[in-house]
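Values in this text are rule-based calculations from the coordinates and carry no lab data. Since we're looking at a predicted model, the values are computed, not measured. Because the Cβ atoms are built from the backbone with ideal geometry, glycine has one as well, and the counts that use them run over all protein chains shown.
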Amino acid sequence: MFGDLFGNPEFLWLLLLLPALAVYYWRHSRNRVVELWYSSLKPFESAGSSLRERLQHVPVAIRLLTLACLILALARPQSISSKENITTEGIDIVLVLDISGSMLAEDFSPNRLVAAKEVASDFIQGRSNDRIGLVIFSAESFTQCPLTTDYVVLRNLLREVKNGMIADGTAIGLAIANGANRLKDSKAKSKVMILLTDGVNNRGEIDPITAAKVAATYGIRVYTIGVGAEGEAPFPVQTPFGMRRQLMKVELDEQTLKAVASMTGGTYYRATDNRKLKAIYGEIDKLERTKIEVTAYKKYTELFFGWLFAGIALVLAEVGLHSTILRKIP
């Protein structure tokens, strides 16, 4: 009867007037004395209270109840019935990360690999209800973490990733194939791969274009991110005199990365510094959130009619009492 909420809850403050009015009436009725003089009270000794006398306070009670009903009607109690339509069953995402030696270049702060790990970790932390996995690659590729919703475990495994875990090289095609293998049996309505690399495919038995065709066959959308400054970048090089920084030409096969993204319905991005890399992940995050948007329908039903009719009924009841039992004799 009160519903789930009130459309105009500010009117409920008026209910505080009711106790004050009741106290005022009680004190006023006690001070009201009518005196009649009789020579003897014997005729009244056996007389009981009349019905009219017993009902003398009923009109005031009815008025207070009427006022309460009208205040509740003004506050507009409402009931809510809601329904949620989930447009998809969620997203399965595989992060594919290049850990080759060139990822130690310091055109990013402190280097490409650390920057990529930090941004990927923030991306994972910002997701909810999506399964996310991690594939790493250089000359070979392997799954660092299968698809999971345990983001704490995933971020810990991402933190442990470092250069040198596998032989050096850049097997982009093998990495895409590995990621596709993780996603091919997924029941999710949206399957996404985010591939980050800074080089040219030079290792592995599968070329990137062939791997992209496989991914497209399974409905996997691949976002490709090429990292590296324009022109040259400082690379750490071990010399007889210790570690030195040496400028080397940035070699990035953007044409292949663009083709992979285009074939699978994804997008190619170029990141030349930490800020741009973070912005790219932010854009991908927004794009993929639209795929699992939850549409909520809420229906509000007004319940004030019941209180309004109750108030009207009480008014009619008081009028009826004054017209019959409590009728004043002229």
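Close Lys pairs in region 88-292, defined as Cα atoms under 12 Å apart and 8 or more places apart or on different chains, number 4. Spacing of the modelled spin labels on Phe142 and Arg63, each 7 Å from Cα toward Cβ, amounts to 8.8 nm. Per-residue 3J(HN,Hα) values for region 159-173, derived from phi via the Karplus relation 6.51 cos²θ - 1.76 cosθ + 1.60 with θ = phi - 60°, read 4, 7, 5, 8, 5, x, 5, 9, 4, 6, x, 9, 9, 5, x Hz in sequence order (x marks Gly and Pro). Neighbour counting of Cβ atoms within 10 Å sorts the residues Glu254, Glu118, Glu10, fewest neighbours leading, into Glu10, Glu254, Glu118. Put a dot 7 Å past the Cα of Tyr218, heading toward its Cβ, do the same for Thr272, and the two dots end up 3.5 nm apart.
Between Asp285 and Thr210, the C-beta separation translates, for a Förster distance of 25 Å, into a calculated FRET efficiency of about 0.30. Taking all Cα pairs closer than 8 Å and separated by 6 or more residues, the relative contact order of region 88-292 comes to 24 percent. A Förster radius of 41 Å combined with the Cβ-Cβ distance from Val152 to Glu302 puts the calculated FRET efficiency at roughly 0.30. For the peptides 151-160, 216-225, 199-208, the ranking by mean Cβ contacts within 10 Å, running from highest to lowest, is 216-225, 199-208, 151-160. Dividing the convex hull volume of the Cα atoms of region 88-292 by its residue count, what figure in Å³ per residue is obtained? It comes to 104 Å³ per residue, whole-number rounded. For Val94, the amide hydrogen comes within under 5 Å of the amide hydrogens of Gly133, Val192, Met193, Ile194, counting only partners 5 or more places away or on other chains and with H modelled in the peptide plane.
Spacing of the modelled spin labels on Leu12 and Val237, each 7 Å from Cα toward Cβ, amounts to 7.5 nm. The packing ranking of peptides 230-238, 15-23, 268-276, highest mean first, is 268-276, 230-238, 15-23, where packing means the average number of other beta carbon atoms within 10 angstrom of each residue.
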